[in-house]
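*Asks:* Here you go, one structure.
The values are calculated or read from the model by the stated rules, or taken from the named source; none is laboratory data. All of these numbers come straight from a predicted model, not from anything done at the bench. Here Cβ is always computed from backbone atoms with ideal geometry, including for glycine, and neighbour counts include all displayed protein chains.
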Amino acid sequence: MTEHPAITRRRLLGLFGAAAALPVLSACGSSVGGASGGATTGGGGTVKVGLVVPQSGVYAALGTDMTRGWELWLEQNGGRFGDRTVETVIADEGETPQTGVPAVQKVLQSDAVDVVVGLVNSATALGVGDLLTESKKLLIVTNAGAADVTGKARTPYIWRTSFTNAQVSSAMGTYLAQSGLQGGVYAIAPDYVAGTEVIAGFTAAFVAGGGTVVGEAKPAFGKTTDYQPFLTAIQQSGAKATFCFFSGAEAITFVRQYTEFGLATTIPLFGSGFLTEGSVLPQQAETALGVQTTLHYSDQLDNPANAAFVEAYTAKHGESPSCFSVQSFDAANVLNRALGTATALDGDSLATALGGVGTIDDSPRGPWTFDGQSPRQNMYLRKVEDASGTLVNAVLADLGPQSQSA
Amino acid sequence: MLVSVLNGFSIGFLLFILAVGLSLVFGMMDVLNLAHGALFLVGAYLGAAFSGAGWGGFLAALGLAAVAGLVAGGILSLMTEPLRRRSHLDQALLTLGVAFVVAELLYTVFSDDPLSVLAPPGLDGSVSVLGAVYPTYRLALIGVGSVLAVVVYVVVERTRVGALVRATVADREMVSALGVDNRLVKAAVFAVGSLLATTAGVLGGPIYGARPGLDAYVLILALVVVVIGGLGSVRGALLGALIIGQVDTLGRVLLQGVEGAASFILFASLAVVLVLRPQGLFGGPVGMSR
């Protein structure tokens with residue numbers, strides 16, 4: 001190995017990093033990654049983590065937020081989980097399971113990581129179950145919201161610090177049913193798994209609370225750009241409110257057209273929080289004003305942990321954190337707690353330890369616990385408001401804790 | 001309902017801008033240009049790239065799209081020249097290949113995330129039309145579309161250049177025999193038709209956005225318009241586009257929730273026209289008013 005100049009330089013860099021400052025190590029880890037195969041076996045004083053997040057494709061912005069959240073926690077805590085030094089190997093999840101599953105396989109096999117953290121795409125999270133079971137390693141999912149990940153397809157090795165699709169929308173269902181809304185609601189979401197789960201969660205909670213869904217539409221996912229026919233249908237249905245779920249470019253287009261066709265002033269728009277979370281909000285601009293959503297986080301949350309988190313994050317990156325940053329920040333947090341009691345770094349020991357971490361009381365999103373292997377957490381009612389020139393998701397109410405199956 | 005009718009008009013005029021080039025090229029030179037949708041997509045992505053940069057960005061996108069359209073039309077005309085004596089299938093294969101290459105290049109540059117395009121400032125709000133709220137940009141599109149329709153109509157029907165084009169549509173050999181190099185006529189019509197396609201892409205951006213697969217979607221709509229309107233006819237393309245705009249919009253509103261109903265209505269109307277009037281509404285010697 002040493003006769004190869006490039007590797008020599010990389011190894012030297014790694015040594016320097018270790019000697020100089022611990023936070024630097026996590027940054028170097030990503031470049032050392034591929035070359036140092038098998039150098040670390042998890043023994044002694046280190047824990048090697050594979051952070052698998054999108055660095056390219058549609059979800060690249062989410063991957064950036066997640067990497068930042070993960071690194072911020074390590075930075076604030078000396079780059080250590082308990083008495084173990086954390087070494088992070090970053091791999092690109094890409095967009096689909098075709099890129100995501102091999103990325104997980106790569107960090108498990110050639111980088112020999114102890115723990116895998118990340119995954120945006122639910123299909124990827126569902127696709128790596130066997131890999132983790134075979135290698136008996138732990139995965140902490142920091143986004144992928146399909147119920148099956150910690151539900152039907154549950155394995156003891158997959159835990160989640162994010163949310164489930166239905167958890168977020170059923171909070172809105174319950175809230176709207178109790179809000180005294182006179183008349184029915186029209187539900188609209190793209191025709192793919194997340195959209196279906198969001199609508200199902202909303203409808204179940206809303207109907208259980210005494211509400212009526214007067215219409216439902218499922219525009220083709222990734223193919224619909226002109227929502228006029230759907231908007232006209234909403235107007236004709238006589239609905240008094242609209243509940244929707246869109247993300248990315250579709251969230252921008254839908255919210256803009258909802259206002260352009262004059263619905264925003266007559267039929268208020270409600271949604272799952274991702275509709276107005278992160279980078280889409282500045283592009284929706286003033287058309288998003290007044291849109292109300294539910295989510296497990298808002299950077300406007302008023303608690304000491306969040307204030308410190310937002311301040312540190314904003315100082316470093318010049319923009320506010322999103323729920324995606326918090327999800328990976330908390331993944332580091334729970335791993336730290338689990339390693340305090342875990343006897344070893346294998347998946348079984350870590351899973352047992354995670355089961356006993358109790359309440360995470362210092363999360364920016366407020367206190368939460370594992371309910372099964374996914375968070376039971378408070379949902380917040382948020383409204384897009386103009387805070388001196390910047391659009392924010394102002395917190396209107398704390399809707400209380402919600403478990404993953406709700 | 002008024003909103004749907006208005007929307008049918010804005011989409012209809014957009015389709016006209018797209019389809020008139022396809023119609024003239026097909027009708028005149030017998031070249032079935034399946035790359036027409038890809039040209040639209042080039043315009044749409046140009047619009048997306050400059051989205052949010054105000055009027056400057058919008059006009060820059062239009063200008064670049066126009067140049068790209070002219071160049072692409074010239075190249076396509078050259079490429080199809082050796083195939084002029086061959087069957088439609090050969091031309092279709094060539095232009096389909098070009099369409100795939102262009103779509104793949106756009107995918108490489110812009111990835112497959114659907115992009116959203118903002119209307120230029122001033123047109124990004126909405127106005128009230130007889131009590132219904134309607135986006136300003138789409139109203140403006142109806143205006144721009146009607147002006148373009150008039151311009152294209154006047155040029156083709158009332159000028160010397162237009163007479164030459166119409167003569168070439170009617171009898172290519174005769175025009176050739178009169179000493180006109182019909183390859184030049186073809187190249188010019190091809191270039192202008194392609195220019196209209198890329199322009200339609202930029203203009204359609206705030207409605208359709210830009211995404212992979214949009215090229216095939218608009219190409220099929222344009223082909224339906226051309227078949228309904230009749231080959232090589234400006235009036236036919238206009239009427240066909242307005243009909244399809246209404247059919248597509250109203251169909252999707254009225255038959256909401258019925259899977260595939262909208263495309264069924266679209267192709268059913270195509271079938272009706274083909275059965276009753278195979279040459280298209282304006283394709284034959286006798287015009288049909290409607």
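Each row is one residue, and each column tells you yes or no for (1) more than 22 Å from B:TYR208 (Cβ to Cβ); (2) more than 14 Å from every other protein chain (Cβ to nearest Cβ); (3) out of contact with any Asp or Glu (no Cβ under 7 Å at 6 or more places or on another chain).
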| position | (1), (2), (3) |
| --- | --- |
| B:GLY54 | no, no, yes |
| B:LEU83 | yes, yes, no |
| B:GLU104 | no, yes, yes |
| B:TYR134 | no, no, yes |
| B:VAL152 | no, yes, yes |
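*Asks:* Hey, another quick one. Among the aliphatic types (A, V, I, L, M) and more than 18 Å from the chain's Cα centre (by Cα), is that true of B:VAL169?
*Replies:* Answer is yes for this residue.
*Asks:* Let me ask something additional. Restricting to the range A:236-261, name every residue that is surrounded by fewer than 21 Cβ atoms within 10 Å (Cβ to Cβ) and at the interface with chain B (Cβ under 10 Å from one of its Cβ atoms).
*Replies:* Within the range A:236-261, A:GLN236, A:SER237, A:GLY248 qualify.
*Asks:* Next question. Anything in the range B:3-21 that is out of contact with any Ser or Thr (no Cβ under 7 Å at 6 or more places or on another chain) and facing chain A (nearest Cβ under 10 Å)? List them, or say none. Steps first, please.
*Replies:* Of all residues in the range B:3-21, those out of contact with any Ser or Thr (no Cβ under 7 Å at 6 or more places or on another chain) come to B:5-6, B:9-10, B:12, B:14-16, B:18-20.
The answer is B:LEU6, B:SER10.
*Asks:* Take the conditions among the hydrophobic types (A, V, I, L, M, F, W, C), farther than 30 Å from B:LEU78 by Cβ and within 14 Å of chain A (Cβ to nearest Cβ) and apply them to B:ALA216. Does it pass?
*Replies:* No: the conditions fail for B:ALA216.
*Asks:* While we're on this one: Quick one: B:SER263 ticks every box in (1) crowded, with 23+ Cβ neighbours inside 10 Å; (2) of a type in the set (Ser, Thr, Tyr); (3) free of Cβ contacts under 8 Å to residues at least 24 places away in the same chain bar one, so which box is it?
*Replies:* Result: B:SER263 passes all but (1).
*Asks:* Anything in the range A:213-227 that is buried (at least 16 other Cβ atoms within 10 Å of the Cβ) and part of a loop (DSSP other than H, G, I, E, B)? List them, or say none.
*Replies:* A:LYS218, A:PRO219, A:PHE221, A:GLY222, A:THR224, A:THR225, A:ASP226, A:TYR227
*Asks:* Which one of these is in the same structural domain as A:ALA342 (by TED's automatic domain parsing), crowded, with 19+ Cβ neighbours inside 10 Å, of a type in the set (S, T, N, Q) and modelled with pLDDT under 95: A:SER110, A:SER122?
*Replies:* A:SER122
*Asks:* Is it the case, given these coordinates, that A:LEU269 is within 30 Å of B:GLY131 (Cβ to Cβ), of a type in the set (A, V, I, L, M) and either touching a Cys at 6+ places or on another chain (Cβ under 7 Å) or away from chain B (no Cβ under 14 Å) (or both)?
*Replies:* Taking the combined requirement at face value, the residue satisfies it.
*Asks:* In addition: For the range A:152-167, enumerate the residues that are of a type outside the set (A, V, I, L, M, F, W, C) and either over 17 Å from the mean Cα position of the chain (by Cα) or over 23 Å from A:MET379 (Cβ atoms) (or both).
*Replies:* A:LYS152, A:ARG154, A:THR155, A:PRO156, A:TYR157
*Asks:* Taking interchain pairs and intrachain pairs at least six residues apart, which have beta carbon atoms under 8 angstrom, with the first residue in the range B:108-128 and facing chain A (nearest Cβ under 7 Å) and under 14 Å from B:GLY47 (Cα atoms) and the second of a type in the set (Lys, Arg) and crowded, with 18+ Cβ neighbours inside 10 Å?
*Replies:* That search, which allows pairs on different chains as well, returns B:PRO114/B:ARG211; B:LEU115/B:ARG211; B:SER116/A:ARG256.
*Asks:* Let me ask you something else. Got at least one residue in the range A:281-294 being more than 9 Å from chain B (Cβ to nearest Cβ), in contact with a strand residue (DSSP E or B) (Cβ under 6 Å, 6 or more places away or on another chain) and either under 25 Å from A:THR124 (Cα atoms) or assigned to a loop (DSSP other than H, G, I, E, B) (or both)?
*Replies:* yes
*Asks:* If you don't mind, another one. Return the pair list, or none, for Cβ contacts closer than 7 Å from residues in the range B:143-165 that are surrounded by 13 or more Cβ atoms within 10 Å (Cβ to Cβ) to residues that are not in a helix (DSSP H, G or I), at least 6 apart or on different chains.
*Replies:* Short answer, once both residue conditions are applied: B:LEU164/B:VAL180.
*Asks:* In the range B:103-144, how many are of a type in the set (A, V, I, L, M, F, W, C) and closer than 30 Å to A:GLY94 by Cβ?
*Replies:* Here the count works out to 8.
*Asks:* Could you tell me whether the range A:363-377 includes any residue that is of a type in the set (Asp, Glu), under 28 Å from A:THR46 (Cβ atoms) and surrounded by 16 or more Cβ atoms within 10 Å (Cβ to Cβ)?
*Replies:* No, the range A:363-377 has no match at all.
*Asks:* Given (1) on the phi < 0 side of the Ramachandran plot; (2) out of contact with any Pro (no Cβ under 8 Å at 6 or more places or on another chain), where does A:ASP348 come up short, assuming only one miss?
*Replies:* (2)
*Asks:* What residue, among those in the range A:217-230 that are more than 8 Å from every other protein chain (Cβ to nearest Cβ) and not β-branched (Val, Ile, Thr), is nearest to B:VAL133 (Cα to Cα)? Spell out how you get there, then give the answer.
*Replies:* In the first step, residues of the range A:217-230 are kept if they are more than 8 Å from every other protein chain (Cβ to nearest Cβ); the result is A:218-221, A:224, A:227.
Retained after the next criterion (residues that are not β-branched (Val, Ile, Thr)): A:218-221, A:227.
Numbers: A:LYS218: 24, A:PRO219: 22, A:ALA220: 25, A:PHE221: 26, A:TYR227: 15 Å.
Here the residue is A:TYR227.
*Asks:* Give the residue that is modelled with the highest pLDDT, with candidates limited to residues of the range A:307-358 that are acidic (Asp, Glu) and under 24 Å from A:ILE90 (Cβ atoms).
*Replies:* A:ASP330
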